[in-house]
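Undergrad: Please read through the structure below; I'll follow up with questions.
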Amino acid sequence: MFPLRRNRRLRTNEAIRSLVRETVITPNDFLVPLFVVEGKGIKEEIPSMPNYFRYSLDLLEKEVKELWAMGLKSVLVFVKVPDNLKDNKGTEALNQNGLMQRAVKTIKNAVPEMIVMTDVALDPYSIYGHDGVIENGMVANDITSSILAEMALSHAKAGADFVAPSDMMDGRILEMRELLEDEGFINTGIMSYSAKYASAFYGPFRDALDSAPVDLIDIPKDKKTYQMDYHNRTEAIRETEMDIDEGADIVMVKPGIAYLDIVRDIKNAVDVPVAVYQVSGEYAMIKAASERGWLDHDAVMMEQITAIKRAGADVIASYFAKDVIRLLK
Ligand code: PBG
């Protein structure tokens, strides 16, 4: 008798499909990136990220209340630093009254239960647009790592629940963890960007923060000496296991869609939550193609978000979070 098995039975209608569905998206999956600027009354759209905005602190307050009401309970904060406060060693990053530190307090005041994660990296503060201190034409690892640990401590003092180092220096998780422990911040979490690749998908984000590496002789024009080489796969497991050994609570793969093989490898290899960052370029591609009428925005968005979760993401950092929630309702 042919065919003995008819797989289409389980696809007959939406009721049976939803009964056997393996991957379901909920508001609990999302971590919402937020861009913050100095000033008052500012909500400015990022040109290469349609319908995504930078907020001044007063409007940030309104935004996080809205997120909370939608069921979005975690945010990842990035700041756009004024040019006159940038230098080569992240001085402003350690300012206890800096924009990031004030942003954390603003969010925690507005919505105390909101999980606030902070970006820890020097690029928004760097005159060179690099994630570390430049010395002899190189991004210097160990000095940078020590500054990042101080930066993490400063964010913890401001009230951050998690610090999220996105820099890819060696050893920074251990240095950060030890400093946080020594200073009594034993409950501050670390979400490490553990397998972060040197990717061309970060372009719109660098527009958002004005943080692209500068084009100067003697300064590296890309981040390939610290972010990972996208030809490599097993290296991602080593990077991730090291960060866990050093004290990371959550690990991350970044970017998303082009790296789902890595996501599954990591998910199978480790026993801590795995975050995936669907980055700015992934967002921009869907927005641009759908503006042209070439792709169905909502359908492609849901397909990609679901693919990220199916691959093994426990946490999804995505600029689509609000769009997805609206669609689910
Ligand atoms: C930098 C940082 C980047 C992103 C997050 N943190 C860009 C980079 O590494 O150059 C990218 C996020 C995105 O593209 O959405 N520390």
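The values are calculated or read from the model by the stated rules, or taken from the named source; none is laboratory data. Everything quoted here is computed from the prediction, not taken from an experiment. Neighbour counts run over all protein chains shown; Cβ positions are idealised from the backbone, glycine included. Side chains included, ligands, DNA and RNA excluded: accessible areas come from the protein's heavy atoms. Shrake-Rupley method; radii C 1.70, N 1.55, O 1.52, S 1.80 Å.
Undergrad: May I ask which residue of I25, A156, I42 lies farthest towards the positive end of the charge dipole of the chain, with charges of +1 (Lys, Arg) and -1 (Asp, Glu) on Cβ and the Cα centre as origin?
TA: I25
Undergrad: What are the residues whose amide H is under 5 Å from the amide H of V79, where those residues sit 5 or more places off or on another chain and H is modelled from the backbone?
TA: So V79 has HN proximity to V36.
Undergrad: Kindly express, to the nearest 10 degrees and within the range 0 to 90, the angle between helix 57-70's C-alpha long axis and the longest C-alpha principal axis of the chain.
TA: Roughly 30 degrees between the two axes.
Undergrad: Tell me the angle of helix 141-158 to the major Cα principal axis of the chain, expressed in degrees between 0 and 90 and rounded to the nearest ten.
TA: Value to nearest ten degrees: 80.
Undergrad: Turning to a different aspect of this structure: Springs between alpha-carbon pairs under 10 angstrom, Gaussian network model over the chain: which of D119, D215, D161 fluctuates most?
TA: D215
Undergrad: Taking amide hydrogens as modeled 1.01 Å from N in the peptide plane, which residues meet the under 5 Å criterion relative to Y52, leaving out close sequence neighbours?
TA: I46
Undergrad: Then there is this: Obtain the nm distance between the two label points defined at A200 and I186 by a simple spin-label model: each point lies 7 Å from its Cα along the Cα-to-C-beta direction.
TA: 4.9 nm
Undergrad: Take the Cβ-Cβ distance between D58 and L94 as r, set R0 to 22 Å, and report the resulting FRET efficiency rounded to the nearest 0.05. Display every interim value, and only then the final one.
TA: Details: r = 25 Å, r/R0 = 1.12.
Efficiency at R0 = 22 Å is approximately 0.35.
Undergrad: Could you give the distance between the Cα centres of segment 150-190 and segment 24-49, to the whole Å?
TA: Using only Cα atoms to place each centre, the spacing works out to 23 Å.
Undergrad: With the full set of protein chains in place, find how many percent of the accessible area of segment 171-307 is carbon and sulfur; take the probe as 1.4 Å. List each step's numbers first, then the result.
TA: Values: 3210 of 6340 Å².
Carbon and sulfur together cover 51 percent of it.
Undergrad: Taking amide H atoms as placed 1.01 Å from N in the peptide plane, list the residues 5 or more away in sequence, or in a different chain, whose amide H sits under 5 Å from that of L295.
TA: Answer set, sorted by chain and number: S290.
Undergrad: Local charge sum around A160 (other residues, Cβ-Cβ under 11 Å, Lys/Arg +1, Asp/Glu -1)? Please list the in-between numbers first.
TA: Working: positive: K105, K108, K157; negative: D119, D161.
Taking every other residue near A160 into account, the sum is +1.
Undergrad: Also, I was wondering about something else. With the dipole of the chain worked out from charges on the C-beta (+1 for Lys and Arg, -1 for Asp and Glu) around the Cα centre, which of L209, A313, L328 lies farthest toward the positive end?
TA: Farthest towards the positive end: L328.
Undergrad: Further question on the same structure: With unit charges on the beta carbon (Lys/Arg positive, Asp/Glu negative), name the residue among A200, T188, Y259 whose Cα is farthest towards the positive pole of the charge dipole of the chain.
TA: The one lying farthest along the dipole's positive direction is Y259.
Undergrad: Which value in Å is the Kirkwood Rh of the chain over different Cα pairs? Show your work: numbers first, answer last.
TA: Working: mean 1/r = 0.0488 Å⁻¹.
Taking every pair of different Cα atoms in the chain, averaging 1/r and inverting gives 20.5 Å.
Undergrad: Could I ask something else about it? Using Cα atoms only, what is the angle between the long axis of helix 172-182 and the major principal axis of the chain, expressed in degrees (0 to 90) to the nearest 10?
TA: The angle comes out at about 70 degrees.
Undergrad: Over its Cα atoms, what ratio of radius of gyration to 2.2 N^0.38 Å does segment 1-82 give? Don't skip to the answer; put the middle values down first.
TA: Details: Rg = 21.4 Å, N = 82, 2.2 N^0.38 = 11.7 Å.
Dividing the Cα radius of gyration by 2.2 N^0.38 Å gives 1.83.
Undergrad: Magnitude of the Cβ-charge dipole of segment 24-328, K/R +1 and D/E -1, about the Cα centre, nearest 20 debye? Mind showing how you got there, number by number?
TA: On the way: 31 positive and 49 negative charges, 196 e Å.
Approximately 940 debye in magnitude.
Undergrad: Give K73/K287; K223/K267; K89/K221 a once-over and call out the pairs whose C-alpha atoms are over 22 Å from each other. Walk me through the numbers on the way to the answer.
TA: Details: K73/K287 25 Å; K223/K267 26 Å; K89/K221 18 Å.
Too far apart for the 22 Å limit: K73/K287; K223/K267.
Undergrad: I've got another one for you. Could you work out how far apart the two model spin labels at N268 and E241 are, taking each label as a point 7 Å from the Cα in the direction of the beta carbon, and quote it in nm?
TA: If labels sit at N268 and E241, their model points lie 1.5 nm apart.
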